[in-house]
Structure formats: structure tokens, C-alpha cells
1. What are the residue pairs meeting all of these: first residue in the stretch 39-64, first residue within 18 Å of GLY78 (Cα to Cα) and assigned to a strand (DSSP E or B), second residue modelled with pLDDT of 50 or more and hydroxyl-bearing (Ser, Thr, Tyr), Cβ atoms under 8 Å, and 6 or more apart or on different chains?
2. Exactly one of these conditions fails for ARG129: (1) among the charged types (D, E, K, R); (2) farther than 22 Å from VAL9 by Cα; (3) part of a helix (DSSP H, G or I). Give me its number.
3. In the stretch 7-45, which residue that is within 11 Å of ASP114 (Cα to Cα) and touching a Phe, Trp or Tyr at 6+ places or on another chain (Cβ under 6 Å) is surrounded by the most Cβ atoms within 10 Å (Cβ to Cβ)?
4. Of everything in the stretch 102-154, what is of a type in the set (Ser, Thr, Tyr) and within 30 Å of GLN46 (Cβ to Cβ)? Give them in sequence order.
5. Out of the stretch 1-13, which residues are over 8 Å from the mean Cα position of the chain (by Cα) and in a helix (DSSP H, G or I)?
6. So which of ILE86, ILE115 ends up being modelled with pLDDT of 95 or more and surrounded by fewer than 16 Cβ atoms within 10 Å (Cβ to Cβ)?
7. What number of residues in the stretch 89-112 are out of contact with any Pro (no Cβ under 7 Å at 6 or more places or on another chain) and surrounded by 12 or more Cβ atoms within 10 Å (Cβ to Cβ)?
8. Going residue by residue through the stretch 108-126, is there one that turns out to be under 26 Å from SER2 (Cα atoms) and among the acidic types (Asp, Glu)?
Amino acid sequence: MSIFETMRVSMSGLTAQRLRMDVIASNIANVDTTRTPEGGPYRRRQVVFTAVPATDSRPSAGGFQRVLAPVDPQSNAGQGVAVTAIRTDPDAVRRVYEPDHPDADEEGFVLRPDIDVITEMTDLLAASRAYEANVTVLNAVKAMASRALTIGRG
């Protein structure tokens, strides 16, 4: 794996974790939202990640083409992470008795999002740590590349 491939893998992690943090922030911001454009209360969302398999870059007439084949059969190194979906939890709703609420049904119940802020904050902390780890990888690769450029200078 080249330095640039390592940087690309780390950048995919940064992008994925940033999106995960955005979705978590949306969940926290909508913890009390009882109306959405789709109708009904806000539903908790979760990001689904998928590992991108190792690929082999081969020259072609128009540049390089990506062929889904292992670079090294002995290596399990992949090519990063991709966000494959943002899933909505259809069951993340709770009924609360609030007869004076404008969204209350005829029995006085309001459908509210069933979002646990503590769980969201824990997920946010994990996403933040993963983001920081990818930044550390990028900084290490950048330092290696910089040192490699100084080898010829004496």
C-alpha cells in the first residue's frame, strides 16, 4: 500500500465519521420533535458502514481502472470505509400522555421520538475518537513523506 493509498483510506474514515457525527447531532437536536415533513415524530437515524475491499489498480487506455481483486492475497488490508446507508429506526417512538399538546391524538397521547441522549452522546464520543485516530494516521503519513523527501538532501 502506497503512502497515497494510506491517506485515501484515512480520508474515507474521516468522511464517514464526520457523517456519523452529523447524524448523531441531528438525533440529539430532534429529541423532542413531534412533527416532521414525512409526518409523525422524528425517527432516530443510524449510519451503516461497509469496509471497502482491497483493489488492484491497473493501467488502461484512459488512465487507471479499479479492478476488484486483492492487491496481496496474504494481506487483509482494505481500501477504507464507505457509508452504505442511513437507516431510520421505525420503532423508535414512544407514546406520552399530554392532552394539552397540539399533536395529541383524541385520547391525549403524543408520539415522541424514543431517543436516549446518553446513548447518542456515547456514540458521538466514539465517532469523535475514531475521527481523531484517522487524523493521527494522516499526520503520521505526512511526516513520513516529509522525511522521505529529505533523504536526498545531505
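1. From residues that are within 18 Å of GLY78 (Cα to Cα) and assigned to a strand (DSSP E or B), the pairs are VAL48/THR84; PHE49/THR84; THR50/THR84.
2. Of everything listed in (1) among the charged types (D, E, K, R); (2) farther than 22 Å from VAL9 by Cα; (3) part of a helix (DSSP H, G or I), ARG129 misses just condition (2).
3. ASN30
4. The answer is THR119, THR122, SER128, TYR131, THR136.
5. Once the filter is applied, which keeps residues that are over 8 Å from the mean Cα position of the chain (by Cα) and in a helix (DSSP H, G or I), the stretch 1-13 yields ILE3, PHE4, GLU5, THR6, MET7, ARG8, VAL9, SER10, MET11, SER12.
6. ILE86
7. The qualifying residues number 10.
8. no
The values are calculated or read from the model by the stated rules, or taken from the named source; none is laboratory data. Here the structure is a predicted model, which means the values were calculated and not measured. Reconstructed Cβ throughout: ideal geometry from the backbone, glycine too, with neighbour counts over all protein chains shown.
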